[in-house]
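This report concerns only the one structure given below.
The values are calculated or read from the model by the stated rules, or taken from the named source; none is laboratory data. Keep in mind it's a predicted model, so treat the numbers as computed, not measured. Every residue, glycine among them, receives a Cβ derived from its backbone with ideal geometry; neighbour counts consider all protein chains shown. Remember, those area values only see protein heavy atoms, side chains included, never the ligands or the DNA or RNA. Shrake-Rupley method; radii C 1.70, N 1.55, O 1.52, S 1.80 Å.
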Amino acid sequence: RSEDGGATWGQEIAVGPGMHGGGVTVDETSGDILVFMHPEHPPKEGLYAARTMFRSTDDGKTWEKEEADFSEDVRGNIPSLHFHEHGITLHQGPHAGRLLRPARVYIPMGGYNTAIFSDDHGKTWQNSEPFPLDGTGEGAVVERTDGRIYYSSRKHVFGENEPYRNERLYGWSDDGGETWSDLEFSASLPDGPQYRGDERRESCYNGHFGMAGGLTRLPVADKDILIYSNADEKEHARVRMTVWASFDGGQTWPVKRLVFEGPSAYSSLNAGRPDTSGEGWIYLQFEERQGGGQMARFNLPWLLDGTLTDDGSLPRGLDD
């Protein structure tokens with residue numbers, strides 16, 4: 001835990017046993033923090049794979065195991081809670097207060113993204129409709145000021161008739177994360193390193209195609225400024241951790257900046273809250289692939305001093 005906006009950090013605090021792969025969710029209504037665990041990786045398939053949730057009611061100082069109810073989706077599967085970006089609390093429209101967290105159905109050489117949502121502060125979790133494309137996983141969600149949900153997804157398995165794509169996949173929800181539509185590949189965001197050309201399709205699994213990326217929305221009133229992170233590298237190596245900024249809620253990404261040149265794998269992003277010591281800061285935690293990780297702290301002016309991407313243009317009035 002940090003009590004000074006990330007300048008210093010206290011000692012590690014044990015949450016509980018299990019494999020935690022992201023998806024921490026803060027209930028903005030109550031202040032509770034939820035962490036999700038599986039006992040192993042990869043998670044077991046089927047309805048009876050263990051899923052555990054831990055809750056903190058004191059800003060992460062102490063944790064209690066909680067029996068939460070996770071339901072089946074329309075295909076008869078209970079989603080895995082492995083390897084996703086953090087969940088969010090919805091603030092707009094009829095579903096304000098809902099907790100929404102990306103999830104996936106984990107099937108070797110396949111599977112699909114989904115989301116779980118709770119309208120009772122995490123006691124019970126329902127499933128969205130499956131993401132409209134299989135071979136997806138490790139997603140991230142943000143809510144825009146108009147209430148639309150932007151879902152950023154890895155696409156790591158391609159069918160026999162599907163062309164390889166290195167661009168990040170994304171889709172939308174207009175009903176609080178219950179259904180997903182309008183899937184597209186981004187014009188400029190990468191989905192992590194890939195194998196190229198005529199190399200074997202089966203080699204594109206187990207971390208060699210695509211990669212989990214970070215995503216967050218900056219808490220700036222009436223603006224939809226999104227930040228995305230991933231390795232800016234199209235070859236084999238997971239290197240060059242980079243962040244991108246969008247100023248129109250994910251439609252275009254006109255600027256990027258390199259954070260770290262070396263080994264860089266899975267990442268997660270978040271933004272400091274207004275009226276706290278973290279206000280104005282953007283936080284990036286990423287895996288180095290050499291037994292450790294790093295935390296970077298920067299602000300929007302630092303990112304704006306990066307490289308233009310030719311995907312849209314910077315809006316006027318950013319200094320305001």
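Take the residues of the range 230-258 that are of a type in the set (A, V, I, L, M) and farther than 13 Å from residue 284 by Cα: which is surrounded by the most Cβ atoms within 10 Å (Cβ to Cβ)? Full working, then the answer.
First, pick out the residues of the range 230-258 that are of a type in the set (A, V, I, L, M): 231, 237, 239, 241, 243, 245, 255, 258.
After this cut, where a residue has to be farther than 13 Å from residue 284 by Cα as well, the list is 237, 239, 245, 255.
Values: 237: 12, 239: 18, 245: 23, 255: 21.
Ranking the qualifying residues of the range 230-258, first place goes to 245.
Residues in the range 151-161 that are open to solvent by 10 Å² or more (accessible area, probe 1.4 Å), over 11 Å from residue 135 (Cα atoms) and touching a Gly at 6+ places or on another chain (Cβ under 9 Å): none.
Checked against the criterion of being modelled with pLDDT under 95, farther than 20 Å from residue 309 by Cβ and of a type outside the set (Asp, Glu), the candidates 237, 231 yield just one match: 237. Residue pairs whose Cβ atoms lie under 6 Å apart, sitting 6 or more positions apart in sequence or on different chains, and linking a residue in the range 220-247 that is under 13 Å from residue 263 (Cβ atoms) to a partner that is open to solvent by less than 40 Å² (accessible area, probe 1.4 Å) and among the aromatic types (Phe, Trp, Tyr), are 241/286.
Show me the strands (runs of 3 or more DSSP E) entirely contained within the range 92-150 in which 3 or more residues are hydroxyl-bearing (Ser, Thr, Tyr) and open to solvent by less than 30 Å² (accessible area, probe 1.4 Å).
Once the strands (runs of 3 or more DSSP E) in the range 92-150 are filtered for at least 3 residues that are hydroxyl-bearing (Ser, Thr, Tyr) and open to solvent by less than 30 Å² (accessible area, probe 1.4 Å), what remains is 112-118.
Scanning the range 258-296 for residues that are at pLDDT below 90 and of a type in the set (Lys, Arg) yields one hit, 289. Counted as qualifying within the range 1-85 are no strands (runs of 3 or more DSSP E), as none has 1 or more residues that are without any contact (Cβ under 8 Å) to a residue 12 or more places away in the chain, within 24 Å of residue 286 (Cα to Cα) and among the hydrophobic types (A, V, I, L, M, F, W, C). When the range 284-320 is filtered for residues that are closer than 20 Å to residue 224 by Cα, surrounded by 16 or more Cβ atoms within 10 Å (Cβ to Cβ) and small (Gly, Ala, Ser), the ones remaining, listed by number, are 306, 312. Filter the range 2-46 down to the residues that are surrounded by fewer than 15 Cβ atoms within 10 Å (Cβ to Cβ) and within 20 Å of residue 90 (Cβ to Cβ) and list them by number. Once the filter is applied, which keeps residues that are surrounded by fewer than 15 Cβ atoms within 10 Å (Cβ to Cβ) and within 20 Å of residue 90 (Cβ to Cβ), the range 2-46 yields 29, 30, 31. Checked against (1) surrounded by fewer than 22 Cβ atoms within 10 Å (Cβ to Cβ); (2) touching a Phe, Trp or Tyr at 6+ places or on another chain (Cβ under 9 Å); (3) more than 14 Å from residue 176 (Cβ to Cβ), residue 59 passes all but condition (2).
The residues on offer are 261, 279, and the sole one that is in contact with a Gly (Cβ under 6 Å, 6 or more places away or on another chain) and open to solvent by 60 Å² or more (accessible area, probe 1.4 Å) is 279.
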